[in-house]
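*Asks:* Please read through the structure below; I'll follow up with questions.
The values are calculated or read from the model by the stated rules, or taken from the named source; none is laboratory data. Nothing here was measured: the structure is a model prediction, and the numbers come from that model. Using ideal geometry, Cβ is built from the backbone for each residue, glycine included, and neighbour counts are taken over all protein chains shown. Heads up: the accessible areas ignore ligands, DNA and RNA and are worked out on the full protein's heavy atoms, side chains in. Shrake-Rupley method; radii C 1.70, N 1.55, O 1.52, S 1.80 Å.
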Amino acid sequence: MHAMTVLGPVDAADLGVILPHEHILIDLRHHAFAVEAILDDPDLAVDELRRFRTAGGGTVVDVTNRYMGRNVETQMRVARETGLHVIASTGYYTELYYPPHVYQWSTNTLADEMIAELTVGIGDTGVRAGIIGEIGTMRDAISPAGERVFRAAARAHLQTAAPVSTHVLQDELAHDQMDLLQEEGVDLGHVIIGHQGDHRDLDYLVSIAERGVFVQIDHIGMEFYQRDAARAHLIAQLVQLGYCTQILLSHDVCFKRLLHWFGGQGYDHLLTGFVPMLREEGVSEADIQQMLVDNPRRALATYT
Ligand SMILES: [Zn+2]
């Protein structure tokens, strides 16, 4: 089995430690904290990601789709200059970032745009996306346009087998997201529910895991959302309950302050700072390996 990277298909066995939800460059200009959430320096991106490589990293999944600042040239540079495998994404993020055609095109035509990026290439670069994401919901309910994006993503997944990676933040719409994808016929074993590392409620996480998706504990290092110690404890509890094979771990670097250059802990914090916390919680080496390597590999290796 293979994963599709920006430099072509890679044997899944060679992916190594995978960060399944990061941003290499990003432009969240419509957020209130915009200045903080614009990463637009390719040289800095290379330097910061090299630290993940040096710490033992193998692959970074850049879930920045086109309309939130994806930069294919920089993705290829990072891959060439750091030796990391880089996976690009396709889709539409949240309503603030939808291009006008999300409101104008049919659901199938939206799916076609994703399918083209997954199977033919992004623009005229020849670079293919390897994942659909991050597609998200906002706060209270899934909007009509949001519902169409989720249905389009489901149809693009059914045509290509590419995994679907979602964003659920400051809302509890994970079950609504899963309902929509399931209604379209998606096997939830190919779905990653993102941003689940900020919860305190173990029962809620278990209710998500019980449906068979990947539960992504990201925002590791973002202690303004939740302390890492609390995240490590939650993970240990989920592992204890038997959900280890469904857990994914990542940082979701998207703020300047998370980068080393600005005093943060960077893309290597999971390996250098957080894994020791998992050990302290009593999580075994085999289970850590399962979450860092085996689970994301299973999620991404969809090309034969
Ligand atoms: Zn997100």
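*Asks:* What number comes out for accessible area per residue over the chain if the probe is 1.4 Å? Units Å², please.
*Replies:* 39 Å²
*Asks:* Starting with the highest mean, order 150-159, 254-263 by the number of other Cβ atoms within 10 Å, averaged over the residues of each peptide.
*Replies:* Ranked by mean Cβ neighbours within 10 Å, highest first: 150-159, 254-263.
*Asks:* Taking the Cβ-Cβ separation of Thr109 and Asp47 as r and a Förster radius of 41 Å, what is the calculated FRET efficiency to the nearest 0.05?
*Replies:* On the way: r = 40 Å, r/R0 = 0.97.
That pair, Thr109 with Asp47, gives E of 0.55.
*Asks:* Extension gain Thr245-Arg139, at 0.36 nm per residue separation less the Cα-Cα distance, in nm?
*Replies:* Difference between extended and current length: 35.3 nm.
*Asks:* Could you tell me what % of all Cα pairs in the chain have separations over 25 Å?
*Replies:* That fraction is 42 percent.
*Asks:* Would you mind checking which residues have amide H under 5 Å from Val253's amide H? H placed 1.01 Å from N; only 5 or more apart, or other chain.
*Replies:* His23
*Asks:* I've got another one for you. Quick one: if you stick a label point 7 Å off each Cα along the C-beta vector at Tyr204 and Asp40, how many nm between them?
*Replies:* Placing both labels 7 Å beyond Cα along the Cβ direction yields 3.4 nm.
*Asks:* Quick one: if you stick a label point 7 Å off each Cα along the C-beta vector at Val120 and Ala32, how many nm between them?
*Replies:* Here the answer is 4.1 nm between the modelled labels.
*Asks:* Using the Kirkwood formula on the Cα atoms of segment 40-157, what hydrodynamic radius do you get, in angstrom to one decimal?
*Replies:* With all distinct Cα pairs of segment 40-157 included, I get 15.0 Å.
*Asks:* Also, I was wondering about something else. Compute the relative contact order of the chain as a whole-number percentage, counting only Cα pairs closer than 8 Å that sit 6 or more residues apart in sequence.
*Replies:* Relative CO of the chain lands at 21 percent.
*Asks:* Which of the peptides 239-252, 177-190, 58-71 is most tightly packed, and how do the rest follow, judged by the mean count of other Cβ atoms within 10 Å per residue?
*Replies:* Descending mean neighbour count gives 58-71, 239-252, 177-190.
*Asks:* What ranking, highest mean first, results for peptides 100-113, 132-145 when packing means the other Cβ atoms within 10 Å averaged over each residue?
*Replies:* Averaged packing, sorted descending, gives the order 132-145, 100-113.
*Asks:* Kindly provide the pair-distance distribution of segment 169-304 built from C-alpha pairs, with 5 Å bins from 0 and whole-percent values in order of increasing distance.
*Replies:* 2, 10, 20, 23, 20, 14, 8, 3, 0
*Asks:* Where both residues lie in the chain, what percent of DSSP beta bridges are antiparallel, nearest 5?
*Replies:* Within the chain, antiparallel bridges account for around 25 percent of the total.
*Asks:* Where both residues lie in segment 143-268, what percent of DSSP beta bridges are antiparallel, nearest 5?
*Replies:* On the way: 0 of 9 bridges.
About 0 percent, rounded to the nearest 5.
*Asks:* Using a cut-off of 11 Å between beta-carbons, work out the net charge of the residues near Val127 (Lys and Arg +1, Asp and Glu -1, Val127 not included).
*Replies:* Within the 11 Å Cβ shell, the charges total -1.
*Asks:* How big is the C-alpha Rg of segment 1-109 next to the rule-of-thumb value 2.2 N^0.38 Å, as a ratio? Kindly include the intermediate steps, with their values, before the conclusion.
*Replies:* Numbers: Rg = 15.0 Å, N = 109, 2.2 N^0.38 = 13.1 Å.
Relative to the 2.2 N^0.38 Å estimate, segment 1-109 comes out at 1.15.
*Asks:* Compute the Rg/Rh shape ratio of segment 101-251: radius of gyration over Kirkwood radius, all on alpha-carbon atoms. Mind dumping the intermediate values first?
*Replies:* Numbers: Rg = 16.0 Å, Rh = 16.1 Å.
Here Rg/Rh amounts to 1.00.
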